[in-house]
Every structure is written in C-alpha cells, then in structure tokens.
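Peer 1: Sharing a structure with you now.
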Amino acid sequence: MPHLHIEYTANLPELNADVALLRLNNTLVASGQFAEADIKSRAVKVEHFRVGTGLGERGFVHVQLALLSGRSPEIKKQLGESLLTVVQDLGPWPAGLSVQFSVEIVDMDRGCYAKAILDS
Amino acid sequence: MPHLHIEYTANLPELNADVALLRLNNTLVASGQFAEADIKSRAVKVEHFRVGTGLGERGFVHVQLALLSGRSPEIKKQLGESLLTVVQDLGPWPAGLSVQFSVEIVDMDRGCYAKAILDS
Amino acid sequence: MPHLHIEYTANLPELNADVALLRLNNTLVASGQFAEADIKSRAVKVEHFRVGTGLGERGFVHVQLALLSGRSPEIKKQLGESLLTVVQDLGPWPAGLSVQFSVEIVDMDRGCYAKAILDS
C-alpha cells in the first residue's frame, strides 16, 4: 500500500514512463500519507484504445491510486488533485491531439488486505 | 469517465480488438448515459492465463466498466447486459473451446475523481 | 467469477507465471468457495515500475482477487492469507532485493454482474 497504476495511450510518445513513475511517487511521498518504501507503482502503455466513436485523434493518461480504506474524503481529494497536476506536466503533448487526464482513488478493504516483505 | 477495460485470452485469435472497442463504445454512446468524447476504452490480450485447474482448453473475455458513482442499479444492470450482448457477438469463437464472457460495473468515487482536458 | 490478477515486477525472473496461476487456482479450488471452471486468472509482468523513490532495488508481486459481493469478512480474510502464502512460495527470489507481496480482495457488485458461457 499504496498501489498506483498509470495507463497512457500509445499516441503520446513523449511520455517517459520511468520519469512519470518517479514524479508520481515523489508526490505521494510529499503528501506525508505513506512510508516511502510502501509505494508500489507501475506504468502501462495502452496499444489498443479508443476514445469515443469519432474520427479525431485523442489520447488519455489515467492514474488509479489504490489506498487502504479509512482515509478522509478531503485527503483523497487532495491526493487526486496533486497527482493530476503531475500528470498534466508529463508532456510535451502532441499537437492536434485532444488528451484527457484523469485520476481515480480506490479504497482497498483494509480488513482483508494481506502483505509480507522479504528482505534477502 | 467512463473507463472501459476489455481483457481477452490469447486463445481467441479471431477477436479484433479495434472492432471490439468501437462496438463497445458505440453501445455506451447509444445508452444515452455518456458524452461521446468522455468514453475511454482499452483492450488487452492476456498472454498468461488459466481458467480453473482442469486440462480442457478454455478462454474468457472480461469487460470492466468504471463509472462515476451515483447511477441507479437498474441503469448499471442494463449497461452490463448491453455490453455482454456485444461481447458475445465479437467472435467467431474457436471450436472445441469453452469461452466465458463477463461484464463487471465498478463505481468510481465521484468526490475524489480528478480530470482535465488538453485540446492542443 | 472469481477474477484473479497477478502482477509481478520484471526484476523477478525466477517467477514462472504459468506455475503461479496453477497454484493460485488450486488454492481457490481448495477453499471450497468456487466452482473450478469459474476461476479466471491472468498474470502480467510489469516492465515499468518503481517502488518508492530510493535507489535500492525493489520488486513486488501483487494479487487482486475480485469476488461477487456477499462473502463474509472472515472468508475474504482467509482467502487473502491463503493466496499470500502461495505467492511468497513462488520464488526463489533474487538475493539483495527487497520484495513486497500483497493480496487485495475486491467485491464486484453482484446486482449488475453479467455473464454468459459458450461451450462450442
């Protein structure tokens, strides 16, 4: 905990996934809500996608942040907005393309979350 | 919003991901629940999968539709059934294979969903 | 139902995804909670990931098990712990690497889950 997923469409070639992950994780650390080493993030480039049904080219970047349940709506809203700011700044974005950025916060059921760490 | 994910197993070679996405998005537009340009969909072919533990070959196609919270159970049920109809029609499906089709509707917490659009 | 997703970071080369899926499915069958043929599992190797912000190399294996809503907290907790035990045993794990294992149980809204099976 937390688990972050970032998905970005393949028509956004300037987005550097590794830079994106570092910036997002830095933002989560800076929020003061999480232990640094607990933050587990991954980035996936989406090769097959479609935004709407029209002909115009569109792309998106979507972040899902999954947290153990119990945080206040205010904290979750603030986390979402902080991550959105980072995501918008990951460009440059291609000219002539409509790009949608979104952040979703998901509660994970704390009562049945199971975890172990191996330090070898 | 909405976010649609379709996953299909690699033993369903006739499934055309781009056709699937267009048909699913058309169905979402036709529902009247969403603005056309808001529909963000992606398709992923699952290379490593297992259905159950038996030897018989099986595959699956699973759709997850994530919506901002607040829609009625009836509307969500109707959306699920409409998408399921589309999914079943995405074949032809291989002979001798048991294929499971499923659609899950997920509520996204409206209070902490963050979004921005860049039209460059 | 159920749907299982396992994600593992690309720095865990000894993890065999197909073996992992079979063991996880066996565990789900053994729980007595599911019909064997209903268990739909997939494994994804995560190529782009970051744990925290530090320099030390870290990896993770995360399982998400999605169930139709209605099971008791005790059963869900037990399922999570059983899966965690299996996951920890999927190694050997690389020396000098901190590996985090986690299992999350998600309820899927039973009222709007749609499903069909094709036996051709």
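Peer 1: In Å and whole numbers, how far do the C-alpha atoms of the range B:2-108 stretch along each principal axis, longest first?
Peer 2: Over the range B:2-108, Cα extents along the principal axes are 43, 25, 20 Å.
Peer 1: Another question, then. If you stretched the chain out fully between A:ASP107 and A:GLU57, how much longer would it get, using 0.36 nm times the residue separation minus the C-alpha to C-alpha distance?
Peer 2: Working: separation 50, 0.36 × 50 = 18.00 nm, distance 3.29 nm.
Between A:ASP107 and A:GLU57, full extension yields 14.7 nm more.
Peer 1: Using a 1.4 Å probe, what is the accessible area per residue for the protein assembly as shown, in Å²?
Peer 2: Heavy-atom SASA per residue in the protein assembly as shown reads 41 Å².
Peer 1: C:LYS115 to A:SER72: FRET efficiency via 1/(1 + (r/R0)^6), r the Cβ-Cβ distance, R0 45 Å, to the nearest 0.05? Walk me through the numbers before you get to the answer.
Peer 2: On the way: r = 36 Å, r/R0 = 0.80.
FRET efficiency, C:LYS115 to A:SER72: 0.80.
Peer 1: Helix C:17-30 versus the longest principal axis of chain C: what angle, 0 to 90°, nearest 10, using Cα atoms?
Peer 2: 40
Peer 1: Within the protein assembly as shown, what whole-number % of the accessible surface is contributed by carbon and sulfur, with the 1.4 Å probe and all protein chains included in the calculation?
Peer 2: Numbers: 7520 of 14790 Å².
Reported share for carbon and sulfur atoms: 51 percent.
Peer 1: Using the Cα centre as the reference, give the magnitude of the dipole from point charges on the C-beta atoms of chain C (Lys, Arg: +1; Asp, Glu: -1; all else neutral), rounded to the nearest 20 debye. Numbers along the way, then the final one.
Peer 2: Details: 11 positive and 14 negative charges, 38 e Å.
Its charge dipole is roughly 180 debye.
Peer 1: Also, I was wondering about something else. What is the calculated FRET efficiency for A:GLU14 to B:GLU47, with r their C-beta to C-beta distance and R₀ = 25 Å, to the nearest 0.05?
Peer 2: Step by step, r from the Cβ atoms, then E = 0.35.
Peer 1: Using only Cα atoms and rounding to the nearest 10 degrees, what angle (0 to 90) does helix C:73-88 make with the longest principal axis of chain C?
Peer 2: Helix C:73-88 and the main axis of chain C meet at about 40 degrees.
Peer 1: In the structure shown, do any of B:LYS77/C:LYS115; C:LYS40/C:LYS115; A:LYS45/B:LYS45; A:LYS77/C:LYS45; B:LYS77/C:LYS45 have a Cα-Cα gap over 22 Å, and if so which?
Peer 2: A:LYS77/C:LYS45; B:LYS77/C:LYS45
Peer 1: Which residue, A:GLY59, A:GLY32, A:GLY91, has the most motion in a Gaussian network model of chain A that connects Cα atoms within less than 10 Å?
Peer 2: Judging by the Gaussian network model, the answer is A:GLY32.
Peer 1: At most 13 other Cβ atoms within 10 Å and a DSSP loop assignment: could you name the GluC sites (Glu not before Pro) in the range C:25-120 that fit? Walk me through the numbers before you get to the answer.
Peer 2: Details: sites: C:GLU36, C:GLU47, C:GLU57, C:GLU74, C:GLU81, C:GLU104; in loops: C:GLU47, C:GLU57.
Passing both the DSSP loop test and the Cβ count: C:GLU47, C:GLU57.
Peer 1: Projected onto the charge dipole of the protein assembly as shown (+1 at Lys/Arg Cβ, -1 at Asp/Glu Cβ, origin at the Cα centre), which of A:LEU28, A:MET108, C:VAL19 gives the Cα projection farthest towards the positive end?
Peer 2: Working it through, the farthest residue towards the positive pole turns out to be A:MET108.
Peer 1: If the only charges are +1 at each Lys and Arg Cβ and -1 at each Asp and Glu Cβ, what is the size of the charge dipole of the protein assembly as shown around the Cα centre, to the nearest 20 debye? Each step should come with its number before you reach the end.
Peer 2: On the way: 33 positive and 42 negative charges, 74 e Å.
Rounded to the nearest 20 debye, it is 360 debye.
Peer 1: Roughly how large is the B-A contact in terms of buried accessible area, totalled over both chains, probe 1.4 Å, nearest 100 Å²? Intermediate results must be reported in sequence, preceding the final value.
Peer 2: Numbers: alone 7370 and 7370 Å², together 12280 Å².
So the total buried area for this chain pair works out to about 2500 Å².
Peer 1: Now, a different point. From the Cα gyration tensor of the protein assembly as shown, with a ≥ b ≥ c the square roots of its eigenvalues, which class applies: rounded if a/c is under 1.5, or else prolate if a/b is larger than b/c, or else oblate?
Peer 2: Values: a/c = 1.42, a/b = 1.00, b/c = 1.42.
Taking the square roots of the gyration eigenvalues as a ≥ b ≥ c, the protein assembly as shown is rounded.
Peer 1: So how much accessible area does C:THR85 have, in Å² to the nearest 10, using a 1.4 Å probe?
Peer 2: Solvent-accessible area, nearest 10 Å²: 90 Å².
Peer 1: Through the Karplus equation 6.51 cos²θ - 1.76 cosθ + 1.60, θ set to phi - 60°, convert the phi angles of the range C:36-41 into ³J(HN,Hα) values in whole Hz; use x for Gly and Pro.
Peer 2: Per-residue couplings from phi come out as 3, 6, 7, 7, 10, 10 Hz.
Peer 1: From the label point of A:GLU57, set 7 Å along Cα to the beta carbon, how far off in nm is each other copy's matching point, shortest first?
Peer 2: Counterpart label points of A:GLU57 in the remaining copies fall at 3.8, 3.8 nm.
The values are calculated or read from the model by the stated rules, or taken from the named source; none is laboratory data. In this text, all values refer to a predicted model and were calculated from it rather than measured experimentally. Positions of Cβ are backbone-derived with ideal geometry, glycine not excepted, and every protein chain shown enters the neighbour counts. In case anyone asks, the SASA skips ligands and DNA or RNA and just uses the protein heavy atoms, side chains included. Shrake-Rupley method; radii C 1.70, N 1.55, O 1.52, S 1.80 Å.
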